[in-house]
Each structure stands twice: as C-alpha cells, then as structure tokens.
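Below is one structure, written out as structure tokens; the observations come after it.
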Amino acid sequence: MAWLESEEGVEETPTAQPDPAEPAGEQEAENEQKLEEATERSAGMEDESPQSPDPSPQEQLQAERDEYLALAQRAQADFENYRKRAAKEVAAAGDRAKGGLVRELLPVVDNLERALASAEESEQHLAEGVRLVHSELVGVLQRNGIESFDPTGEPFDPEVHEALSTQPADGADPGTVVGVMEKGYKLNGTVLRPARVVVSG
C-alpha cells in the first residue's frame, strides 16, 4: 500500500485497490443465483421417484377388450342359468296342470276296467267297444308319462300305498300288500294317486 500525500501535504488514508481475483458485486449475485438454481434442480431430481411408464394404446385396448369379454361371459352364464331355471319352472307347471287333469280321468279308467271285469259272456260285443276306449285312454296316459303300478306282494309303503283294510293271509308276512282295490298311478316317477290296497295283518 502507498501513502499518498496531497498538494497541501496532508496525508490521506490509504485506499484499497480491488482484487482482480475476487468477483465484483454484480457477478457475485449472479453466481449465487445460478448456484441456488442448480441446487434446487438437484434437490428436485432427488425427490422424484421413478414411475412406471404409461401403458401404450395397444395395452389399453387389450385391457378394455379383456374387461368387456369377462362382462360378456358373465352375462352369458347368467342368461344360461336363467334359461334353465325358466325351463324347469315351465316343466313343473306343465306337470302340475297335467297331473290335475289326469286325476280327473283316473276314475273314468277305473270304471272302464270294472265294466270289463264284470262283462258277461253275452255282453262281449259291448265289452269290445269298452276295451277299445280303455286301451286308447291308457295309451294317451302313457304317452304323457303316466304309468300305473300294481304293488301286489310288496311291503306296504305309506308313501305310495293307501291301506283300505287288513286281513290275515297265509304265507304272507305282516304288512304285505295282498290285494289291490285300485291301481296307483305315477307321473314321471311322482305319485299322482297311491294304490289302494289290502294289507296282511
């Protein structure tokens, strides 16, 4: 440093010269701003977590296709179940209606059989007409799933038999059907009318 002396001979305070290695005030502020920006960018990059890439349009279409296919399959299965239930209900309703009509016809069949059983020799020409009517009526019943059953010799079963009386019977175990007053009828395995029977006592 140099001490300067003015013309009046008064000493002045030494003045410091700017160091060319140090940045000026404006340059320092600009550098600080750049440093802050760089720090912020670095911090932002550290905070960002890696994310899975967005699905491609083809993958989106395939996912939608699979979803719609699953919905269609579920709808088809529901409709098939509904169709089966409806078919069963219709069949059950048909059997109920058919059963009611058959129950009304069974006494007619019984009377025709009684007439044939009691026909005398001289009435055979009339019996042939009755036999023809009986045969046609039984054929109609069979074509509609109605079958008669004769339980003679079977153990008594209250589910399918109706006991009208009991009587001693030689060689038959107690509770055995020894006589049938009226045959029983079934519709597709379901009893429409139990057989009316005589049971050994």
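The values are calculated or read from the model by the stated rules, or taken from the named source; none is laboratory data. Remember, it's a predicted structure, so these values are computed and weren't measured experimentally. Note that each Cβ is placed from the backbone with ideal geometry, even for glycine, and that neighbours are counted across all protein chains shown. Heavy atoms of the whole protein, side chains included, go into the accessibility calculation; ligands, DNA and RNA do not. Shrake-Rupley method; radii C 1.70, N 1.55, O 1.52, S 1.80 Å.
By accessible area, using a 1.4 Å probe on protein heavy atoms only, the stretch 94-196 has 52% of its surface on carbon and sulfur. Each residue of the stretch 170-183 was assigned a 3J(HN,Hα) from its phi angle through the Karplus curve 6.51 cos²θ - 1.76 cosθ + 1.60 (θ = phi - 60°); the sequence is 5, x, 10, 5, x, x, 9, 6, 10, x, 10, 7, 9, 5 Hz, with glycine and proline shown as x. What separates the Cα centres of the stretch 135-174 and the stretch 100-128 is a distance of 18 Å. Between K84 and L61, the FRET efficiency from the beta-carbon distance, with R0 = 25 Å, is close to 0.10. Scalar couplings 3J(HN,Hα) for the stretch 84-91, obtained by applying the Karplus form with A = 6.51, B = -1.76, C = 1.60 to θ = phi - 60°, are 5, 4, 5, 5, 5, 5, 5, 5 Hz; x denotes Gly and Pro.
Annotation: amide H of R193 within the under-5 Å range of Y185, sequence separation 5 or more or interchain, hydrogens built in the peptide plane. Over the stretch 49-201, Cα pairs under 8 Å with separation of 6+ residues give a relative contact order of 18 percent.
For a test of the definition: using alpha carbon positions, the gyration tensor, and the 1.5 limit on a/c, classify the stretch 72-198 as rounded, prolate or oblate. It comes out oblate by the Cα gyration axes.
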